[in-house]
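Everything below concerns the one structure shown next.
Readers should treat all values here as calculations from the given coordinates under stated rules, not as data from a laboratory. These numbers were taken from a predicted model, which means no experiment stands behind them. Glycine also receives a Cβ, built like all others from the backbone with ideal geometry; neighbour counts cover every protein chain displayed.
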Amino acid sequence: MNASWSSGYVADIAYIEGFYVQQSPARLALACLFGNVAADLPEQDDAATYLELGCGIGIGALLTAASNPGWQVTAVDYNPAHIAIGAGLARTARLDNIRFIEADLAQLATSAQADIIPQADFVSMHGLWSWVSKEVRAGIVELLASKTRPGGIVHVSYNALPAWQGALGMQRLIYEAGIRSGGRSDAQAQAGLGLARDLKSVESKYLTESSLTRDLLDTTVAMSTEYLSHEYMSAHWAPVFHADVVAAFAEAKLDWVSSANPMENFPELMLTPEQREVMNRYTDPLMRELIKDMCLPRQLRHDVFVRGARRLSNEARDAAMRRLMVVPIVSPGELQTKVRVPAGMAEVSDALKDMMVAAMHGPTMIGELLALGGGKNPAELLSMLVGSHQCQIAPHADGKQPESANRLNRVFGSRVSSIVDAKTAGGLASGRLGTGMTAPPLLQFITGRLLSGEREDKADRWIEMLSADVIPEKHDTVRNVVHTAIEQRLPILRGLGIVPD
């Protein structure tokens, strides 16, 4: 069972590691531009500040600190195990610009601990808001009011209504059955899911009529027990409407700006023509978002707020977007110009396709890409390149990789001992991105080896090491996967300065 101090949260098993690009400073600044709001993106060595609440073990915070050695990063979590792991990684990588704090967010704003937290340029909360009590949410708002500087950007993700409406009963069933089964939280989650699947098999009305519950019960079979425990076994689990989050954050003088997922800001990609016609009856952005949420299966929202929004005209916004640099994070042969979106398959125009192809050749300014293809809409180009996860914003495209980033990447690589090991999935720090690049364990392993002075001609030795717990019949598969990663991913890592040329 959970420890007595857990207050209804899952505290007896650590949350999964992960890097979520929506938390990166460059992505948050881009979201502001999509919402016609000015955003400052400090340099690597500026005295900027980043605050993460509910950080888990702090992979994102570590990547931000390592990629921006001049910044001060603060990572806060309620679970001391999370803080111990994160602080240990920071010590091993010798990162002196990140502080991990164990604290109860319900009380942090009025505690002595708050005195050591500087006002933040960026604040991020991933997977926190809809899993905590109303007292904690009130404490978060109080902390945001005092610790977000004027002009500061805040990111929050949460389980959204009405998308989760059909699964409210499923979660309650899993939770109630789980807490009655005893044992650790992961065992409780499995017991609850087992009951839900049994009821689904006998045609339970509320587990079969909803496509969401049917899909969730099918997909959870392959999900990690750590994720399932934290998702379903919190006593405070409560999906929320976007308008309610906006109202809560308004108490901290925070204005909602846009989604951190670029494509979600374009109704043409999200809604059918008929749905857009209904939405266009309204100019109120909150009403438009509610209509959008009524039409989309958007279970998890990534919203961006600003404390003191500096509004931009369309012309000023477009000018700022044209100055942005993008870098490819897929190989040219992997470029996709057809993207599946809720409104169907989005197939780009020939002109936009030409610009996307040009972007695959290395760091390029959006204005230069538009000039190549005769384009006039930087927002459309950015939404396709960044929103399809084929490029990232590179605020320091020509910068050198900080040694702090190399140290952290070596630490991440050293933790991978098998190609089937998923526990260290997360990212790799890049000074040019000012954040991390999403990277599976295999890429972390290869990066660590290259940063330790080895070359890719040692691949046979790498394959032997990574295959230690793989059955012999699968060794050829491991070989193919490693060589494919070297051929397709190594040029990208070199282009981002993550590994040396």
Length released on extending from Arg184 to Ser224, taking residue separation times 0.36 nm less the Cα-Cα span: 13.0 nm
Tyr282 versus Gln119: modelled label distance in nm, points set 7 Å from Cα along the beta carbon direction: 3.4 nm
Links that overshoot a 23 Å alpha carbon limit, given the list Lys134/Lys200; Lys353/Lys376; Lys205/Lys292: Lys134/Lys200; Lys205/Lys292
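Find how much the distance from Gln165 to Val357 grows on full extension, using 0.36 nm per residue of separation minus their present alpha carbon separation; answer in nm with one decimal.
Stretched out fully, the Gln165 to Val357 stretch lengthens by 65.0 nm.
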Quote the FRET efficiency, to the nearest 0.05, computed for Arg310 versus Asp350 with a Förster distance R0 of 56 Å and r equal to the Cβ-Cβ distance. 0.95
Using Cα centres only, tell me the gap between the range 383-437 and the range 33-67 in whole Å. 14 Å
How long are the three semi-axes of the equivalent ellipsoid for the chain, computed from the Cα gyration tensor as the root of 5 times each eigenvalue, in whole Å, largest first? 32, 30, 26
Mind ranking 475-481, 367-373 by how tightly packed they are, going by the mean number of other C-beta atoms within 10 angstrom, highest first? 367-373, 475-481
Contact order relative to length of the chain, as percent, for alpha carbon pairs under 8 angstrom and 6 or more apart: 18 percent
Amide H proximity to Ala160 below 5 Å, modelled H, separation 5+ or other chain, gives Val240, Leu300, Arg301
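How much mean residue ellipticity at 222 nm does the chain get from its helices, if each DSSP H run of length 4 or more adds -39500 (n - 2.57) and you divide by all residues, to the nearest 500 deg cm²/dmol?
It comes out at -13000 deg cm²/dmol, rounded to the nearest 500.
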So for the chain, taking the charge dipole from beta-carbon charges (+1 Lys/Arg, -1 Asp/Glu), which of Trp129, Val330, Pro491 sits furthest toward the positive end? Trp129
Residue separation between Gln488 and Val202 times 0.36 nm, minus their alpha-carbon distance, gives in nm 98.3 nm
Kindly provide the chymotrypsin sites (Phe, Trp or Tyr not before Pro) of the range 1-92 that DSSP labels as loop, not H, G, I, E or B, and whose Cβ sees at most 14 other Cβ atoms within 10 Å. none
Can you give me the Rg/Rh ratio for the range 314-393, using Cα atoms for both radii and the Kirkwood formula for Rh? 0.94
